[in-house]
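The values are calculated or read from the model by the stated rules, or taken from the named source; none is laboratory data. All figures in this text were calculated on a predicted structure; none of them were measured in a lab. Here the Cβ positions follow ideal geometry from the backbone for every residue, glycine too, while neighbour counts run over all protein chains shown.
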Amino acid sequence: MPVAYTYLDEHRLKGDAQADALIQEIFQVQMQSQLYALLKVPENAIRDQPDSTLKRFLLEVKPQPDWFNVKRLQRGQSLFKQYALEMMTLLGAMSLPYCYAASPGNKALYLSDKMRNAPGKRLMDTASFVIAVLTPGSFSENGTGHIQINKVRLIHALSRYYIQKHPSWTMDWGVPINQEDMSGTNLAFSYVILLGLQQSGYILSEREKEDFIFLWRYIGYQMHLDEELLPSSFSEARQLANAIQQRNFKKTDEGITLTRELLNYYKQSVPADQADLVPSQIRFYLGNEVAECIGIPADPLRDRLAASVTTFRSLQNLLSIPPDSYAKMLVQHEQLRKSFAIAD
């Protein structure tokens, strides 16, 4: 799949036409309170809500594409269940910092108060979404995966609505949370996670990698991303990720600030003896070039120590599959969720 830069330029001007139109309509008829209320309703209770345009939007499922294969989707979700704890750890240590390196996409994240001032809550919300759509059965007839996706589409459209009105925003950067940036995020949650697993020593078969890419291709399709921005293979994902990185990754104040706030959150939430190594661990996974973009400088002593620790763990991982990964992940996520519920 050759990637034309001019094609990506065009997609910086596109959001999600259907969701954006609905948000515009909601503000025109002053139905914001109904929107906020419905977004708080648990996904498994949406079907019981009174009929409305918003409810119908949340329940909508985009027709299955010609390339859809339920067995590949299920195998992709099975891989998540097998490595759930490891993937969710990489989400915070690799995927989110990776997204912070992309500019001007990170300017929209920076202008979001939750991203800048509540990185822990943002991490939990992102983790909740990822768990919801990757858990086996989420896209079955009684699953809530499509509802989760449509909620995120509305949240993105709501963010676009507000950010475009911000005095700092310029259309030279494109539409906030545009198609190219959403494609980059999709890659951060799929292709980049697979790279992280391999760096951690886990041996994945070609079919496992291809099925995980397929799973996120389907999620991106339901998120109403243009199909040409959805890689159909691990090789295509690498090509697109490299193109987006060459176009957008650079050192910016926004990326540095977002990363600093994320690191401050980690310092407060992980044991002190581990917190000192977090920046070096992120640098290990992202590589020196991307780490420099987000303001994580080289620290030779800690970098060597983090590399040694990770290499030792990788050797262990070569010999075994993580036991009870999904169950352990759920316990940790529930503890995180409760901590934010108490804070609220």
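Tabulated values for the structure
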{"item": "Boolean, residue 254 is more than 30 Å from residue 218 (Cα to Cα), modelled with pLDDT of 95 or more and either hydrophobic (A, V, I, L, M, F, W, C) or loosely packed, with under 15 Cβ neighbours inside 10 Å (or both)", "result": "no"}
{"item": "Top-ranked residue of region 218-246 - restricted to ones that are within 20 Å of residue 136 (Cα to Cα) and touching a residue at least 60 places away in the same chain (Cβ under 8 Å), ranked as surrounded by the most Cβ atoms within 10 Å (Cβ to Cβ)", "result": "219"}
{"item": "Positions within region 50-69 being part of a helix (DSSP H, G or I) and hydroxyl-bearing (Ser, Thr, Tyr), in sequence order", "result": "53"}
{"item": "Candidates 313, 260 - the one that is farther than 21 Å from residue 123 by Cα and in a helix (DSSP H, G or I)", "result": "313"}
{"item": "Qualifying position, being within 14 Å of residue 7 (Cα to Cα) and outside any loop (DSSP other than H, G, I, E, B), among 247, 238", "result": "247"}
{"item": "Filtered residues of region 216-251 (kept if over 25 Å from residue 16 (Cβ atoms) and either among the aliphatic types (A, V, I, L, M) or over 19 Å from the mean Cα position of the chain (by Cα) (or both))", "result": "235, 246, 250, 251"}
{"item": "Some residue of region 174-182 being among the β-branched types (Val, Ile, Thr) and surrounded by fewer than 24 Cβ atoms within 10 Å (Cβ to Cβ)", "result": "yes"}
{"item": "Set 260, 313, 304: member being farther than 21 Å from residue 87 by Cβ and over 22 Å from the mean Cα position of the chain (by Cα)", "result": "304"}
{"item": "Pairs with Cβ under 7 Å, 6+ apart, first in region 260-283 and touching a residue at least 40 places away in the same chain (Cβ under 8 Å) and among the aliphatic types (A, V, I, L, M), second surrounded by 17 or more Cβ atoms within 10 Å (Cβ to Cβ) and not in a helix (DSSP H, G or I)", "result": "282/296"}
{"item": "Number of the exception - residue 14 against (1) farther than 23 Å from residue 161 by Cα; (2) touching a residue at least 40 places away in the same chain (Cβ under 8 Å); (3) surrounded by fewer than 20 Cβ atoms within 10 Å (Cβ to Cβ)", "result": "(1)"}
{"item": "Yes/no for residue 103 being surrounded by fewer than 23 Cβ atoms within 10 Å (Cβ to Cβ), closer than 19 Å to residue 326 by Cα, at pLDDT 95 or above and touching a helix residue (DSSP H, G or I) at 6+ places or on another chain (Cβ under 7 Å)", "result": "no"}
{"item": "Region 291-316, residues that are touching a residue at least 24 places away in the same chain (Cβ under 8 Å) and within 14 Å of residue 276 (Cβ to Cβ)", "result": "296, 302, 305, 306, 309"}
{"item": "Total residues in region 95-109, condition of a type in the set (S, T, N, Q) and not in a helix (DSSP H, G or I)", "result": "1"}
{"item": "Residues that are under 21 Å from residue 10 (Cβ atoms), out of contact with any Pro (no Cβ under 7 Å at 6 or more places or on another chain) and of a type in the set (S, T, N, Q), drawn from region 159-175", "result": "170"}
{"item": "Meets criteria (assigned to a helix (DSSP H, G or I), in contact (Cβ under 8 Å) with a residue 12 or more places away in the chain and surrounded by fewer than 17 Cβ atoms within 10 Å (Cβ to Cβ)) for residue 159", "result": "no"}
{"item": "Residue check, residue 19 outside any loop (DSSP other than H, G, I, E, B), touching a Lys or Arg at 6+ places or on another chain (Cβ under 6 Å), modelled with pLDDT of 95 or more and hydrophobic (A, V, I, L, M, F, W, C)", "result": "yes"}
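Each row is one residue, and each column tells you yes or no for (1) among the basic types (Lys, Arg); (2) in contact with a Ser or Thr (Cβ under 6 Å, 6 or more places away or on another chain); (3) under 18 Å from residue 95 (Cβ atoms); (4) modelled with pLDDT of 95 or more.
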{"residue": "153", "(1), (2), (3), (4)": "yes, no, no, yes"}
{"residue": "158", "(1), (2), (3), (4)": "no, no, no, yes"}
{"residue": "161", "(1), (2), (3), (4)": "no, no, no, yes"}
{"residue": "192", "(1), (2), (3), (4)": "no, yes, yes, yes"}
{"residue": "200", "(1), (2), (3), (4)": "no, yes, yes, no"}
{"residue": "228", "(1), (2), (3), (4)": "no, no, no, no"}
{"residue": "231", "(1), (2), (3), (4)": "no, no, yes, yes"}
{"residue": "242", "(1), (2), (3), (4)": "no, no, yes, yes"}
